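Following: one structure in structure tokens, then a few remarks.
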Amino acid sequence: MSPNSPPPAPACRPSTEPWHVLQRVLKWSTLALVGYATLLALLTLATPQRALIYLHWARWPLGKDFRRPEGFGLAPGSARYVQLKTADAVHLGAWHVLPESVYQQHHKQLLDDPTAADVSAAAIYEDALRTHGVVIYLHGNAASRGHHPRVEVYKKLAKYSDVNVLTIDYRGFADSEGTPSEAGLVEDAHTAWRWLQHRGVAAEKITVLGHSLGTGVAVQLTAKLSTAGSPPRALILKAPFTSVPEVAFEFPVFKYLPLL
């Protein structure tokens, strides 16, 4: 080699970057598969299944006193808090919302005692049940009877249909005791029905309205009442479903990671 010749170029080493990228892809793919397999395994257990179906743990709004309906957007004195007791001794939180005409007629008296604790105010509520129709509102999963969109439904029913609204929180939801189950939710709805019947409300004056998950409860309650020869005036289903798996597939995560 001539003294003036340039030094030989260093030998080219193959890049390791593609291998590092492949390692990262394999790592995250493995973690995703393990996580998904764990999710599937958990969903074979009763407690995670219940949590997914009912979402009763997603309590909203937070930090509110359910004994004060006016704290959720209802006019003071237009609704009262009631507690129901089921046949299996579970206490449920509920609200009785007055028809708009009754509220407008008596609102001054009701504002003097918005909790309706005295005899005169309580009598207004009891009389409204005898003179006006009633809608039993059965909400969907998650949140509570105090969730804003649901409260807006009560207000519209009371204003435009001029009916009483009895809305409950199922067992395990909001301020209600217990743990949700299919049979339990139907019993909760039946308890609301019996509460009205005990106050002299005829079956032909009661409409059962179910929304989303509540449509299944409403259908089962109506079937039970019809078999007993005492069907409600009407059954209204809002956003019904055909099966629980169908509802589960609507969750965004399962659109991309379907249950196999």
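Hey, can you tell me all the residues within the range 174-213 that are hydrophobic (A, V, I, L, M, F, W, C), crowded, with 17+ Cβ neighbours inside 10 Å and not in a helix (DSSP H, G or I)?
Step one: of the range 174-213, the residues hydrophobic (A, V, I, L, M, F, W, C) are 174, 183, 185-186, 189, 192-193, 195-196, 201-203, 206, 208-209, 213.
Those still in the list that are crowded, with 17+ Cβ neighbours inside 10 Å too: 174, 185-186, 189, 192-193, 195-196, 201, 206, 208-209, 213.
Hits for the range 174-213 are 174, 201, 206, 208, 209.
Annotation note: Cβ proximity below 7 Å between a residue of the range 175-187 that is in contact (Cβ under 8 Å) with a residue 24 or more places away in the chain and a residue that is among the polar types (S, T, N, Q) (sequence gap 6+ or interchain) occurs for 186/220; 187/86.
Cβ-Cβ distances below 6 Å connect the following pairs, each with a first residue in the range 141-157 that is part of a loop (DSSP other than H, G, I, E, B), a second residue that is small (Gly, Ala, Ser), and a separation of six or more residues or different chains: 142/58; 144/174.
Does the range 40-63 contain any residue that is farther than 22 Å from residue 213 by Cα, assigned to a loop (DSSP other than H, G, I, E, B) and either modelled with pLDDT of 95 or more or not hydroxyl-bearing (Ser, Thr, Tyr) (or both)? Yes, the conditions are met somewhere in the range 40-63. Within the range 92-116, residues that are charged (D, E, K, R) reach partners that are part of a loop (DSSP other than H, G, I, E, B) and modelled with pLDDT of 95 or more with beta carbons closer than 6 Å, at six or more positions or on different chains, in the pairs 100/162.
I'd like the full set of residues that are on the phi > 0 side of the Ramachandran plot and modelled with pLDDT under 95, limited to the range 170-220. Write out each step before concluding.
If we filter the range 170-220 for residues that are on the phi > 0 side of the Ramachandran plot, which is where we start, we get 172, 174, 178, 200, 212.
212 - this is the single residue of the range 170-220 that is on the phi > 0 side of the Ramachandran plot and modelled with pLDDT under 95.
Among the conditions (1) without any contact (Cβ under 8 Å) to a residue 12 or more places away in the chain; (2) in contact with a strand residue (DSSP E or B) (Cβ under 9 Å, 6 or more places away or on another chain); (3) assigned to a loop (DSSP other than H, G, I, E, B); (4) not aromatic (Phe, Trp, Tyr), residue 89 misses just one, which is (2). Checking each residue of the range 226-246 against the condition of being at pLDDT 85 or above and β-branched (Val, Ile, Thr) gives at least one match. Quick one: what pairs do we get from the range 226-245, first residue at positive phi, second outside any strand (DSSP E or B), C-beta under 9 Å, 6+ apart or different chains? Pairs that qualify, where the first residue is at positive phi and the partner is outside any strand (DSSP E or B), are 239/140; 239/212; 239/215. For the range 111-120, the criterion of a residue being over 13 Å from residue 80 (Cα atoms), in a helix (DSSP H, G or I), touching a helix residue (DSSP H, G or I) at 6+ places or on another chain (Cβ under 7 Å) and modelled with pLDDT under 95 is satisfied by at least one position.
Restricting the range 214-225 to residues that are in contact (Cβ under 8 Å) with a residue 12 or more places away in the chain and small (Gly, Ala, Ser), which is surrounded by the fewest Cβ atoms within 10 Å (Cβ to Cβ)? Among them, the one singled out is 216.
The values are calculated or read from the model by the stated rules, or taken from the named source; none is laboratory data. Just so it is clear, the model here is predicted, and its values are computed rather than measured. Methodologically, a virtual Cβ is constructed for each residue, glycine included, from the backbone with ideal geometry; neighbour enumeration extends over all protein chains shown.
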